[in-house]
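In what follows, a structure is listed as structure tokens, so that the remarks can point back to it.
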Amino acid sequence: MNRRVLVVGLLVASPLLAVLAVSFRYDPHFIRSPLLGKEAPNFRLVDIDGGTYELAALRGQPVVINFWATYCPPCIVEHPMLSQAADHYRGQAHFLGVIYQDDENLIRKFVDQRGRWGPSLIDPDGRAAIAYGVYGPPETFFVDRDGKIVDKVIGEVTASHLRATLEPLL
Amino acid sequence: MSQGLLSIARAGVAWALLTAALAVALALPGSTQPLEPPAAPVAPVASTAVSRPLGDPAGPPRSGAELDRVTERLASRMRCPVCQGLSIAASRSISALNMRHEVRELLAAGYSEEQVLDYFEQAYGEFIRLVPKPRGFNLVVWVLPVALLALGGALIARLTRSRSVRSASAADPALADYRERVRKETSD
Amino acid sequence: MSSTLGQGFVLLALLLCAVGAPVGFVAGARRSAFGLRLVRAIALGFAASMALATLVMEWALVRHDFSVSYVAQVGSRSTPLHITIVSLWSSLEGSILFWGLILGLFTAGVTMLQRRGHDDYLAYTLGTILSVGMFFSLLLAGPANPFQAMPAPIPTDGPGPNALLQNHLLMIIHPPMLYLGYVGMTVPFAMAVAALLRGQLGPTWLRPLRNWLLVPTAFLTLGIMLGGWWSYEVLGWGGYWAWDPVENASFLPWLTAIAAVHSAVVQQRRGSLKAWTVILVMISFLLTILGTFLTRSGVVNSVHSFTQTPIGPMFLGFLGICAVAVVVLLALRIDTLASPAPVTTGPLSRETGFLVNNLLFVALMFTVLVGTLFPILAEAVKGVKVSVGEPYFNRMAVPLFSSLVLLMGLGPALPWGSADPQHARRALLWPLPAAAVAALVAWLLGGRSLGVLSACALAGYTLWVTADQGLRPARERRRHLGETTPVALGRAIRLTPRRLGAYLAHFGVLVTFVAVAVSSSYQVDGEATLRPGSAMTIGAYTLTYQGGQLEESPHLSRQVATVRIAARGKQLGTLSPSLNFYPTQSDPLGTPAVRTGLTHDLYLTLMNVSRDGQIGLRAIVTPAVVWIWLGVMVIVLGTGLCLVPPWVPRPAAGRETVADPLLGAAEG
């Protein structure tokens, strides 16, 4: 028995195996946003109907910012839920949609058919998406009264999650 | 004679170390400018509709060929968020195009490459850097390979120092004639 | 029916492995002739069951038998026949079955071809191969069962295979090559285990090991190259290697296998580095399992990886068991193999060259491994996701590869054993003018970047040594035996195929090396938005967009743009890049159109087609790309030549051959 070989071999193999083993604990596609707890980047954008919206002007009430597109199936799924929520929290919270790499006309057609739960803001060159570090639609940010980002949801937002996150911010 | 060999062995070690040093030198970024203190966040920038928590540009505005060159260099160090493993310089996805556009604009305004990277990092996380920042724990990724190279180089230097050829041990009789043949073949 | 039959063959394979593995080990330990005959029969039975299981699957695929789960998963009535056949490896379960088939083929190959020449070891070798086979049979019988019976109602049609598979011919040949390389590494591994169990390394070990190591290495080389070529022809970003985790996974075992090929040479010539060769071979096998784990488990972020499945933990478990077994076996038996002679006789010798070669290859492997796994480590330690991408790998790998190219010139220039320093110095200075000439030629051809000029100088130096060493037998025949050049060359190939093969492979490396340096330094890239009739220019080319059309077929719809190419007033025909829309995929896949030339490629990709008829066109001119593929093919050809047994003339054949002064080199 060559002890040196045994010790060296195990010393090389075990950390490697350990690294591979812990890899199961992480979803390679999930990245925690560094913006959580930070001030939400301000933007002044125009929506498809011509209105101008500035985030900083909405201070005092929580804001839900939803990056979406018509080609993304979860966005279509969460659309009715967001409509209901926007109705329910009218006067208490703001709901802003930001168009993510999509055609304005398609968006207009879509909201004409299925209803508007808030403005659909045009994001030229995806600047707002970059400032918010959006990887792909849909992504939803919850901003508190003081303009701080308290939560970010990647993918479809559920009604219960929305309620649980938004209620304490009111 | 042995003196000469010793110096050659030293040269061998030096060569290994040189290669290692070369790797280190190439691995570390050329110059790290002192970072600006974090600027006052969120002040609307007049020309754009989206404010960027960036502070003041660290240098004078860039343009022309220099801007192209710096944009290309920085873009090749940033990861395209939607295409796996490609830089935003290589990818032609809309995300990559938008990001490159933004990078170019910021570089044109005179922001340093590190400032631009920091801005993207604040939004996307460290993931956006295609090469980890050579700082703290990240140094592991640079140090481990170089350490192995140095260790191996030292081992080879030690192995090649001894000149004596001992004959095959008797513990291995099955190989005796094989080795004899090998010796014949190689003694030309 | 197919489902039951297929599962039956898989279970039979599992049973044969479960019986055969212990039989092999016991037969090896007792040196039992009967046991050896038995394990050989079992090995052939395992190969046959795997082949039959695969046949059943192919039959089900071709017949669109959607009662078989895998067919329901990847089959489609609208897919062309050749795509249906190769969809065997388009998804996880099928690819494991394919793996089993190839392992079966290798098992049969070893059993039949090593009837002689591997006597003392064969039982152990087969026992080890069957142990590995047991793991894959187990996967096929349980978590990755492709033969599950579909519950009623049986679907009438399926989604078809992965769109990427359908997009290019190279996707049909690239995975089998890679698999042949990956799976084939089991054979030298099994031989290494056999050597440790037997406790000695004789010629009947080394010769078969060399051959069975060269075969998968050649396939791996080809597979990696085809993967790069496929990337280039299909993914549309103009490059061929992105240091993606899965690309890296195929690269890792290749690096150590090449190191092992070289250390086996030292073992053959000098009888040293025995234990080290065994270790390298074992590491190569472990890295193939690691690579498969990375690809199949979905733990890394990659274009190629399959989604996260229960297969992941099983592969990790297998890797763990293999790694621990290897370490324990090495610890128990390595002292029986330790080289009695010190490795080398002087610092300036060919042996030193081989040692540094091994160090550089292992360091490269380690660098790629660390870079690939670091994101996982960083997430565990810092809780933050980081990326380790191309710039890291290039910065680390370029100096290491360049050192290897230099070493390819230095090593062979040095003599075996101890050389007097003066002689060595002369040998090393002698090729320097070639380096200068190569750099000058590169400069005259317009090369201005320091990187390209130094790459050419390095290549020139090494080319001189390679040609000098590789052609030496032919030259000496001509000089000493008075043969004409073609005769001398022909005889040299027949008498010393390995030597020529080795230097031919080195030559291929040089071609690839220069092509990579040139192509990555002088790429010209341009893009434009074009209306029908309008044109853009890139390099010497004028590209006129003639118009687009939509091609509809059952399994995809293609937006094809026709672009007319002209250069220096000459019409050069048209290229048609396209965007392919698959009903099962949300994003279109672009298919670039490439005009390949000996000096450069013109590469067009269609980025988008807008409703008003405008297209976004990207054009890239890259010099020398084709030489990357050709260079690698030369490497593979050289490796193949190394497998040709040298022609040993009969003593009666006459004076010329008996007294052939150059015969000794045949072993080189």
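Coordinate-derived values only; no laboratory data. On a predicted model such as this, the values are computed, not experimentally measured, just so you know. No Cβ is skipped: glycine too gets one built from the backbone with ideal geometry, and neighbour counts run over all protein chains shown.
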If Lys and Arg each add +1 and Asp and Glu each add -1, what is the summed charge of the other residues whose beta carbon sits under 14 Å from the beta carbon of C:Ile628? -2
May I ask you to derive the FRET efficiency for A:Leu170 and C:Leu550 from their Cβ-Cβ distance with R0 = 51 Å, giving the value to the nearest 0.05? 0.50
Towards the positive end of the charge dipole of chain C, with charges on Cβ (+1 Lys, Arg; -1 Asp, Glu), say which of C:Ser297, C:Gly75, C:Ser32 has the farthest Cα. C:Ser32
Calc'd 3J(HN,Hα), segment C:512-528, phi into Karplus 6.51 cos²θ - 1.76 cosθ + 1.60 (θ = phi - 60°), Hz, glycine/Pro = x, comes to 4, 4, 5, 5, 5, 4, 5, 5, 7, 9, 10, 6, 10, 10, x, 9, 7
If you bin every alpha carbon distance in segment C:421-485 into 10 Å steps from zero, what whole percent lands in each bin? 22, 34, 28, 14, 2
Rg over Rh of chain C, using C-alpha atoms and the Kirkwood radius, what does it come to? 0.99
Within the set of other residues whose C-beta is less than 10 Å from the C-beta of A:Asp49, count the net charge using Lys and Arg as +1 and Asp and Glu as -1. +1
How compact is segment C:590-653 by the rule of thumb for globular proteins, expressed as Cα Rg over 2.2 N^0.38 Å? 2.13
Helix-only [θ] at 222 nm, chain C, -39500 (n - 2.57) per DSSP H run of 4+, per residue, nearest 500, equals -21500 deg cm²/dmol
Bin width 5 Å, origin at 0, all Cα-Cα pairs of segment C:538-623: what percent of pairs per bin? 3, 14, 24, 24, 16, 11, 6, 2, 0
Checking the cross-link filter: which lysines have an alpha carbon closer than 25 Å to that of A:Lys109, excluding same-chain neighbours under 8 positions apart? none
Furthest towards positive pole of dipole, C:Gly117, B:Ala65, C:His600, structure part the protein assembly as shown, Cβ charges: C:Gly117
Output for segment A:106-170: trypsin sites (Lys or Arg not before Pro) sitting in coil per DSSP, at most 14 other Cβ within 10 Å, listed by number, reads A:Arg145
Pairs of Cα atoms under 8 Å, at least six residues apart: use those to get the relative contact order of chain C, whole percent. 10
Quick one: dipole size for segment C:463-611, taken about the Cα centre, charges +1 on Lys/Arg Cβ and -1 on Asp/Glu Cβ, in debye to the nearest 20. 920
Across 5 Å bins beginning at 0, the whole-percent shares of Cα-Cα pair distances in segment A:40-125 come to 3, 14, 27, 26, 19, 9, 1
Counting Lys and Arg as +1 and Asp and Glu as -1, what is the net charge of the other residues whose Cβ lies under 12 Å from the Cβ of A:Cys75? -3
How big is segment C:386-543 by Rg and Dmax over its Cα atoms, in Å? 21.1, 72
I need two numbers for segment C:454-604: Rg to one decimal and Dmax as a whole number, Cα atoms only, in Å. 24.3, 70
Placing unit charges on C-beta atoms (Lys and Arg positive, Asp and Glu negative, everything else neutral), compute the dipole magnitude of the protein assembly as shown about its Cα centre in debye, rounded to 20. 4040
Return the Cα extents of segment C:1-119 along principal axes one, two and three, sorted largest first, each rounded to a whole Å. 56, 26, 19
On a straight-distance basis, which aspartates and glutamates could pair with C:Lys274 in a cross-link, Cα separation under 16 angstrom, same-chain partners fewer than 8 positions away excluded? B:Asp172, C:Asp335, C:Glu351
Loop sites in segment C:370-479: trypsin sites (Lys or Arg not before Pro), DSSP, at most 11 other Cβ within 10 Å: C:Arg448
Would you mind estimating how fast the protein assembly as shown diffuses translationally, via Stokes-Einstein at 4 °C and 1.567 mPa s with the Kirkwood radius over Cα pairs, in µm²/s? 41
Taking 7 Å along the Cα-to-C-beta vector as the label spot, tell me the A:Val19-C:Val324 distance in nanometres, rounded to one decimal. 2.1
Leaving out same-chain residues fewer than 8 places away, which lysines sit with a Cα under 18 Å from that of C:Lys382? B:Lys133
Can you list the HN-Hα couplings for segment C:49-61, worked out from phi with the Karplus curve (6.51, -1.76, 1.60; θ = phi - 60°), rounded to whole Hz and with x for Gly and Pro? 5, 5, 5, 5, 4, 5, 4, 4, 5, 4, 4, 5, 5
Most exposed first by the Cβ proxy, i.e. fewest other Cβ within 10 Å, how do C:Leu429, B:Leu130, C:Leu197 rank? C:Leu429, C:Leu197, B:Leu130
Any idea what diffusion coefficient segment C:73-126 gets from Stokes-Einstein, in µm²/s, Kirkwood Rh on alpha carbon pairs, 25 °C, 0.890 mPa s? 182
Which is farthest toward the positive dipole end of the protein assembly as shown among C:Gln267, C:Gly539, A:Ile154, measuring Cα position about the Cα centre, with Cβ charges +1 (Lys, Arg) and -1 (Asp, Glu)? C:Gln267
Mean separation of Cα pairs under 8 Å and 6+ residues apart, divided by the residue count of chain A: what relative contact order is that in percent? 29
Enumerate the amide H contacts of A:Lys148 below 5 Å, restricted to partners 5 or more residues apart or on another chain; note that Pro and chain-start residues carry no placed amide H. A:Ala40
